[in-house]
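Input: a single structure, listed below in structure tokens.
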Amino acid sequence: MDRLDPSTTLILVVDVQEKLAAAMPEESFATLVKNAGILLEAARVLGVPVLASEQYPKGLGPTVPAIAEKLAPLGVTPMAKMTFDACSDLAIARAISDIAPRSVVVVGMESHVCVFQTARELVKRGYTTHVVADGVASRRDENRRLGLSLCERAGAIITATETVAFDLLGQAGTDAFKAVSKLVR
């Protein structure tokens, strides 16, 4: 497995939306928001491209403000989709293809539905896919765990926020290291 390289990695935020958020366990959702925020800030510092999806925003609402506020400085507007698998939406698939990453890091919800189906399809399309275990949520913890297991069985790498952040950094002693290491303290 190769190191995550900022120039060949994409961070994909899947469906972190208001009405879905209301159904999530409070602690699990807070952890997702905190850790997705860390990765989005690391992406800003390191120049890693970011995309975001929203599942049927008319019914499930927009991306939660805490994530939308991190996406805005990156120039990212969440892309609406009706498919559970983000890659099956033609606009999102085209956006991913245009970025041409080797690796895709996935955070979002729900881990056993949209995150799993997206990760499975990313693997199928040849992307090294990293699903951030402390950056996903489901309404029930057993479904979050099941989703992670399914992602791994589909060929995704199950990882953690700090693992991704420091792998993208690659070394200490830089301004980027100082900025990112402050995020995880």
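Selection of the stretch 76-133 for residues being among the aliphatic types (A, V, I, L, M) and touching a Lys or Arg at 6+ places or on another chain (Cβ under 7 Å) yields only 92. Can you find even one residue in the stretch 62-79 that is under 27 Å from residue 182 (Cα atoms), basic (Lys, Arg) and in contact (Cβ under 8 Å) with a residue 12 or more places away in the chain? Taking every residue of the stretch 62-79 in turn, at least one turns out to be under 27 Å from residue 182 (Cα atoms), basic (Lys, Arg) and in contact (Cβ under 8 Å) with a residue 12 or more places away in the chain. Examine the stretch 75-91 for a residue that is among the basic types (Lys, Arg) and over 21 Å from residue 130 (Cα atoms), and state whether such a residue exists. Yes - at least one qualifying residue is present in the stretch 75-91.
Any chance you could count how many residues in the stretch 139-171 are part of a helix (DSSP H, G or I) and closer than 17 Å to residue 36 by Cβ?
Total meeting the criteria: 12.
Restricted to the stretch 42-93, and to residues there that are touching a Cys at 6+ places or on another chain (Cβ under 8 Å) and of a type in the set (A, V, I, L, M), the residue that is nearest to residue 18 (Cα to Cα) is 86.
Across the stretch 4-20, what is the number of residues that are in a helix (DSSP H, G or I), in contact (Cβ under 8 Å) with a residue 60 or more places away in the chain and either of a type outside the set (Ser, Thr, Tyr) or in contact with a helix residue (DSSP H, G or I) (Cβ under 8 Å, 6 or more places away or on another chain) (or both)?
The qualifying residues number 2.
Summed over the stretch 172-185, residues that are under 15 Å from residue 132 (Cβ atoms) and in a loop (DSSP other than H, G, I, E, B) total 1. Going by the structure shown, is residue 94 more than 12 Å from residue 14 (Cβ to Cβ) and in contact with an Asp or Glu (Cβ under 9 Å, 6 or more places away or on another chain)? No.
No value in this document is a laboratory result; all are computed from the given coordinates. Here the structure is a predicted model, which means the values were calculated and not measured. Heads up, the Cβs are rebuilt from the backbone with ideal geometry, glycines too, and the neighbour counts pull from every protein chain shown.
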